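Here is the structure we will look at.
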Amino acid sequence: MTKLICKSCKKEYPADEKIWKCNCGNLLDIDFKASFPIEKIQNRKPTMWRYREAIPIEKDENIVSFNEGFTPLVEVDFNGKSVLIKQDQLFSTGSYKDRGASVLISKVKELGIKKIVEDSSGNAGCAIASYCAKAQIDCDIYVPADNSPAKLIQIESYGAKLHEIPGSREDTANAVLKAAEKDYYASHSWNPFFFHGTKTYAFEVCEQLNWKSPDVVILPVGNGTLLLGSYIGFNELKETGIIKKIPKIIAIQSENCNPLFKAFKENREEIPQINKNDTLAEGIAIAEPIRGKEIIDAVKKSGGDFIEVNDKEIKKALIEMCNAGFYIEPTSASTIAGIKKYLDKSNSNELIVSVFTGHGLKTTEKILKIFNK
Ligand SMILES: *Cc1c(COP(=O)(O)O)cnc(C)c1O
Ligand SMILES: [Zn+2]
């Protein structure tokens, strides 16, 4: 039986309860037994839903899907060393957030919910809005009022209602929490179903390596939706005996917004307050990641590490990737800058896997500036 469990007080709830946090106010996880009938899986369509028995949605009729996933794993050369990079910029809304949105909005449909709220001015908002459009679920997205209109038009184009909130990012967070007292909060950082979508990244990587685990995965991290999802996914594969070990997780942050890097390097119990500065890696510029401790714990348990990169390194990495034929957004290029730093120090023959998280076409204005146009 699938259950929801509070990370803090351990209270349990049935999975058909319309909640996104515990009554005590803390984060929920999903208690769920995944299984991987490999022969069946291999005979199914190449989408993330081929891992059907590993996704906690009860009825097939509730699945909200564009046949997303099973993105190509492409070898990219870095000065003679090769890294396999998953092309998650190729999702229908232009980022890997579709993995999380597909499972979360399927759950929303399964719960019979007709309206959700979410806060994101970026890729999570786009993905949630798109899947709500497909499922005919009303969708209100809260964003800071000073956002550039270019970022918001994709969200609005899917029919979502935008609420522009004056003030800081925290003011927007408070506004959505108020709205979430009435409507279901389909949050990419709070809601555990989102992470049971992003975990399919790990399943696909292992299947594409012939059911083997890589030695290292290098992932960007802000709220940790991809990192924590991957950690869940690799662990489920290990617990069911499909893979023998989970990979070392190398987490990439921007120097201008690096609370997790700091906490990890300084071995702190609490995530420190930081002064957030503008960065090209806007998608991972999260000053107060709600699942911060969980992220640090996952990286530690994997035997991994944190690396920080600056805007100059991000620019250089973006230009190099474009010159190699890949058009990605600057946030995505931060991961590439991190890969380069990792490779500088490592000289072994590790099997390294990483990801392009977002498409360059989403950020034309920023890329124009990077190329000085
Ligand atoms: C969401 C996102 C990330 C990862 O961010 P998290 O806050 O860790 O979930 C990385 N790159 C892009 C392009 C994104 O949209
Ligand atoms: Zn609780």
If packing is taken as the mean number of other Cβ atoms within 10 Å per residue, what is the order of 63-70, 173-180, highest first? 63-70, 173-180
Tensor-based shape of region 109-164 (alpha-carbon gyration tensor, a/c under 1.5 rounded, otherwise prolate or oblate): prolate
Ranked output for segments 221-229, 135-143, 89-97 by mean other Cβ atoms within 10 Å, highest leading, reads 221-229, 89-97, 135-143
Distribution of pairwise C-alpha distances over region 288-341, 5 Å bins, in %: 4, 19, 22, 16, 17, 13, 8, 1
Roughly how many debye, to the nearest 20, is the charge dipole of region 1-67 about its Cα centre, given +1 on each Lys and Arg Cβ, -1 on each Asp and Glu Cβ, and no other charges? 180 debye
What shape does region 1-105 have by the C-alpha gyration tensor, where a ≥ b ≥ c are the square roots of the eigenvalues, rounded means a/c under 1.5, and otherwise prolate means a/b greater than b/c and oblate the rest? prolate
Excluding same-chain residues fewer than 8 positions from Lys244, which aspartates and glutamates have a Cα within less than 14 Å of its Cα? Glu207, Asp215, Glu236
Contact order normalised by residue count of the chain, Cα under 8 Å, 6+ apart, percent: 15 percent
Could you give P(r) for region 97-192, binned at 5 Å from zero, as whole percent values over all Cα-Cα pairs? 3, 16, 28, 27, 18, 7, 1, 0
Considering Cα pairs under 8 angstrom that are at least six residues apart, work out the relative contact order of region 1-90 and quote it in whole percent. 18 percent
Using 28 Å as the Cα-Cα cut-off, could you pick out the over-long pairs in Lys245/Lys362; Lys59/Lys134; Lys109/Lys248? Lys245/Lys362; Lys109/Lys248
Sorted largest first, extent of the chain alpha carbons per principal axis (Å): 52, 51, 41
Could you tell me what percent of the DSSP beta bridges with both partners in the chain are antiparallel, to the nearest 5? 35 percent
Let a ≥ b ≥ c be the square roots of the eigenvalues of the Cα gyration tensor of region 159-317; is it rounded (a/c under 1.5), or, if not, prolate (a/b larger than b/c) or oblate? oblate
About the Cα centre, and with charges only on the beta carbon of Lys, Arg (+1) and Asp, Glu (-1), how big is the dipole of the chain? Nearest 20 debye, please. 520 debye
With the dipole of region 97-192 worked out from charges on the C-beta (+1 for Lys and Arg, -1 for Asp and Glu) around the Cα centre, which of Ala180, Gly112, Leu162 lies farthest toward the positive end? Gly112
Percent relative contact order for region 177-252, counting Cα pairs under 8 Å at least six residues apart, stands at 35 percent
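We did not get these values from a lab; they are worked out from the coordinates using the rules stated. What you see is a predicted model, and the numbers here were worked out from it, not measured in a lab. All Cβ positions, glycine included, derive from the backbone under ideal geometry; neighbour counts span all protein chains shown.
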